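Here the structure is laid out as structure tokens; the discussion comes afterwards.
The values are calculated or read from the model by the stated rules, or taken from the named source; none is laboratory data. Only a predicted model underlies this, so the values are computations on that prediction, with no experimental measurement involved. Virtual Cβ from ideal backbone geometry, glycine too; neighbours counted across all protein chains shown.
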Amino acid sequence: MAVLDVIRIGVICPSEIAFRRFLPALTQNELVNKTFRFAGVAVASPEEWFGDLSDVPQEQIESQQIKELEKARLFIDGYGGMVFHGYESIIKSEEIDAIYIPLPPALHYRWAKMALECGKHVMVEKPSTTCLRDTQRLIEVAGKNGLALHENYMFVFHNQIQAVNRIVADGKSVGIPWLYRITFGFPKRALTDFRYNKKLGGGALLDAGGYTMRYASELLGPTAKVTTAQANYEPDFEVDVFGTATMVNANGVTAQLAFGMDNDYRCDIEVWGSKGTLTSGRILTAPAGYTPKCLLKQNREYTEYDLPEDDAFGKSLLRFAACINDERTRFENYEILERQESLLQQYKDLVGI
């Protein structure tokens, strides 16, 4: 594939995260703005939204189209580009080099596969798909066509992560890091939220749990495996609403994970070592402009540090660009993708889902 000096990127669906996080990162970060050009946003056709239209009232179809077009116009009014009528339309457009997919998880595979088959690079929100087999299929298509496939776990690029790693690695603050605890959970959202819909790929594992496993994988390295797992349910929901897991690497270093979507908000890392304990909040979700902190406890002595702020979404976009223009980076990303989905599959096998 030829190196692209400017990558024309389009968005499938005028979603909230695309408007609130993707577009500001694309346009306000100077380096990202030089690398990408926002080409437009696609609104689902009635057939793409509803499927079989034979039993769908015309009023409902018109209402859906009006609402989606209104959201799409906010994109265009604020950031330029054009509205594409239909996801397939933007995927097949010659005005597009790359596609960003912020749809519910169960829809990722269909549209990512079509985009890759049509020669488009793909950046997809997490999780990449809802199962290991589908992710492997996407990697196969991407590799065959020389295309980038990037899953947007943007927190791994944040300077906060690197700063915590440096403190742990110095050997003086924490000592030997025997145990990591990673927690990510948030209060219950509206019942119409896709996270509580099984058909759309909802559930605590795919939404919040994937974050904790992705971070644990970074901390423990490639030998880490999921050794225990528990999924918890509530009577009114078809999906898991809370989960816990343990990951252990070949050296016996352990990460205890907890995640949920009916919880008091937590987004924390705790590193418990031979000399001290380090904790930091907002470790997975720190937005641009936010200054994270960490607390180091050494027995009864406490030291607080300011950690660097960063634009993690912008950095994730730059990683996507690197995957587009560099074959080695592209193949590294394939390995990361498959590793992440393999960990999720290990959890699923243990709990029987």
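Which count do you get for residues in the stretch 24-64 that are part of a helix (DSSP H, G or I) and under 19 Å from LEU318 (Cα atoms)?
Initially, the stretch 24-64 is screened for residues part of a helix (DSSP H, G or I), giving 24-28, 30-35, 46-50, 58-64.
Next cut, under 19 Å from LEU318 (Cα atoms) only: 24-28, 30-35.
Counting residues in the stretch 24-64 that are part of a helix (DSSP H, G or I) and under 19 Å from LEU318 (Cα atoms) gives 11.
Note on the stretch 223-233: residues that are part of a loop (DSSP other than H, G, I, E, B) and exposed (fewer than 13 other Cβ atoms within 10 Å of the Cβ) total 1. For GLY202, state whether it is in contact with a helix residue (DSSP H, G or I) (Cβ under 7 Å, 6 or more places away or on another chain), surrounded by fewer than 23 Cβ atoms within 10 Å (Cβ to Cβ) and not basic (Lys, Arg). Taking the combined requirement at face value, the residue does not satisfy it.
Might you let me know whether the stretch 138-158 holds any residue that is in a loop (DSSP other than H, G, I, E, B), out of contact with any Phe, Trp or Tyr (no Cβ under 9 Å at 6 or more places or on another chain) and at pLDDT below 95? It would help to see each step written out before you state the result.
Step one: of the stretch 138-158, the residues in a loop (DSSP other than H, G, I, E, B) are 146-148, 152-153, 158.
If we keep only those that are out of contact with any Phe, Trp or Tyr (no Cβ under 9 Å at 6 or more places or on another chain) as well, we get 146-147, 158.
Adding the requirement that they be at pLDDT below 95 leaves none.
Checked against the condition, which is being in a loop (DSSP other than H, G, I, E, B), out of contact with any Phe, Trp or Tyr (no Cβ under 9 Å at 6 or more places or on another chain) and at pLDDT below 95, the stretch 138-158 yields no hits at all.
Residues that are closer than 18 Å to GLY51 by Cβ, of a type outside the set (Ser, Thr, Tyr) and not in a strand (DSSP E or B) within the stretch 68-90 comprise GLU68, GLY86, GLU88, listed in sequence order. Close Cβ contacts (under 6 Å, 6 or more residues apart or on different chains) running from residues in the stretch 38-57 that are under 19 Å from GLU70 (Cβ atoms) and assigned by TED's automatic domain parsing to the domain that holds PHE84 to residues that are among the charged types (D, E, K, R) and in a strand (DSSP E or B) are absent.
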